[in-house]
Amino acid sequence: MDINTWFDNLWRDYVDMTPRVSDIKRLLEERGETVENDHVAFRTLDLDPIGIERLGPIVESLGYTAFDTYEFPAKRVQAVSYVREGYPRIFLSELRTGDFPEHRPLFESLVDQVDESILSGPEVFWAGTPWEPIDHQTYLELRETSEYGSWVSALGLRPNHFTVSVNELEGFEGIRELLDFVRECDYRLNESGGRVKGSPDVFLEQGSTLADQIEIEFADGAHAIPTCYYEFALRYPTPDGELFDGFVAASADRIFESTHAGT
Ligand code: NI
C-alpha cells in the first residue's frame, strides 16, 4: 500500500472516533496554518498475533526504521518508535498483560479471536476490535486496573492520536500559546503533570486535548467512553543540530492519561 494512502485511511478512522480533531485542524487552517503530523501513536497488547513483535515489521514494511525503545513502568507499557525521512514518526506501544494476572484470561480470549489474515497488510492499523465486543461492566472493571488495557479491549487496533507539529506552525510563539488557543476554542486539555509536558532541556514539549467521548457498541449495548485525542509537539535541536527525533518517557507517561475518564 502507498504510504500516503495508509495515512489517509488512518486519518479517516481517527476522525470517525474523534470528531473534534477536524474542527481543531480547521480552526488552525483558518488562521492560515498548514497542519503537519509529528507522529501517530497506536496501542496494543503484548500477545500474539497483535504484539509489537508482529506489528513492528508491518510498520517497517512501509519504509520505517525502528528508532528507540521506551518503558513506562507505572502503566506496565513498553513502546518502540519508528522513523522515516519526510513522514510522521510512528509510536507503537503495548501493554504487558503478564503484569495483570487477574485480567490475563480476558486479554487472551480477545487475541484468540483474531483472524490472522488481518496481519497480511498495513490495514491492520485500522482493524478496530477483531474480537466480539466485551460487556460494559467488564470494561469498567478493567479500567480501574489498567485504563490502557480497557482502551485496547474496547477500541482495538486504530490510531490513538495524531499530533500537530508545532515546529511547522507559523503564527504561534510556542506550545503554550497554541494550547491557550485550543483552550479558548473550548477544547479541554490534559492537565495531568501540567499543561505542557517536557521542556527544551529534553528537546521536546508536548500537550494534548482530553479524549473525545463517543458511543461504542458493547456486548450489552452502546455506552459513551473516551476514545482518541489530539496531541501537539514542539521539537528542539539536539547538540548535533538536528531536531530531536525521539520521545520522552516521563512526558508520554502523562500524555497516556489523555484518555482517562472524568478528569
Ligand atoms: Ni504522542
Quiz prompt | For the chain, alpha-carbon Rg over 2.2 N^0.38 Å | solution = 0.97
Self-check item: Residue-span extension gain [Q137 to E123] - 0.36 nm each, minus C-alpha spacing
Solution: 2.1 nm
Exercise. State, to one decimal in nm, how far the label point of T69 lies from the label point of V202, with both points 7 Å from Cα in the Cβ direction.
Key: 2.0
Quiz item: For the range 220-263, what class follows from the C-alpha gyration tensor (a ≥ b ≥ c being the square roots of its eigenvalues): rounded when a/c is under 1.5, otherwise prolate if a/b is larger than b/c, else oblate?
Solution: prolate
Quiz item: Based on the Kirkwood radius over alpha-carbon pairs, what value in µm²/s does the Stokes-Einstein equation return for the translational diffusion coefficient of the range 1-118 at 20 °C and 1.002 mPa s?
Solution: 132
Quiz item: Using the Cα gyration tensor of the range 70-152, with a ≥ b ≥ c the square roots of its eigenvalues, what is the shape: rounded (a/c below 1.5), prolate (a/b larger than b/c) or oblate (neither)?
Solution: oblate
Practice problem: Set the Förster distance to 25 Å, then compute FRET efficiency between A261 and D8 from the Cβ-Cβ distance, nearest 0.05. | Solution: 0.25
Quiz item: Any idea how far apart E177 and A222 come out in nm if each label point goes 7 Å out from Cα toward Cβ?
Solution: 4.2
Quiz item: With N residues in the range 132-227, what two-decimal value do you get for its Cα radius of gyration over 2.2 N^0.38 Å?
Solution: 1.33
Quiz item: Just from its helices, what would the mean residue ellipticity at 222 nm be for the chain, if runs of 4 or more DSSP H residues each count -39500 (n - 2.57) and the sum is divided by every residue, rounded to the nearest 500 deg cm²/dmol?
Solution: -9000 deg cm²/dmol
Practice problem: Identify the GluC sites (Glu not before Pro) of the range 223-263 meeting these criteria: DSSP loop state and at most 14 other C-beta atoms within 10 Å of the C-beta. | Solution: E242
Exercise. Report the relative contact order of the chain, percent, no decimals, based on alpha-carbon pairs under 8 angstrom and at least 6 residues apart.
Key: 21
Quiz item: So which chymotrypsin sites (Phe, Trp or Tyr not before Pro) in the range 1-52 pass both tests, a DSSP loop state and at most 11 other Cβ atoms within 10 Å of the Cβ?
Solution: none
Quiz prompt | Likely footprinting exposure, T5, T18, T145, fewest C-beta neighbours within 10 Å first | solution = T5, T145, T18
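Read-outs: derived from the displayed coordinates by stated rules, not from any lab. Remember, predicted model here, so these are calculated numbers, not experimental data. When we count neighbours, we look across all protein chains shown, and the Cβ atoms used for this are built from the backbone with ideal geometry, even at glycine.
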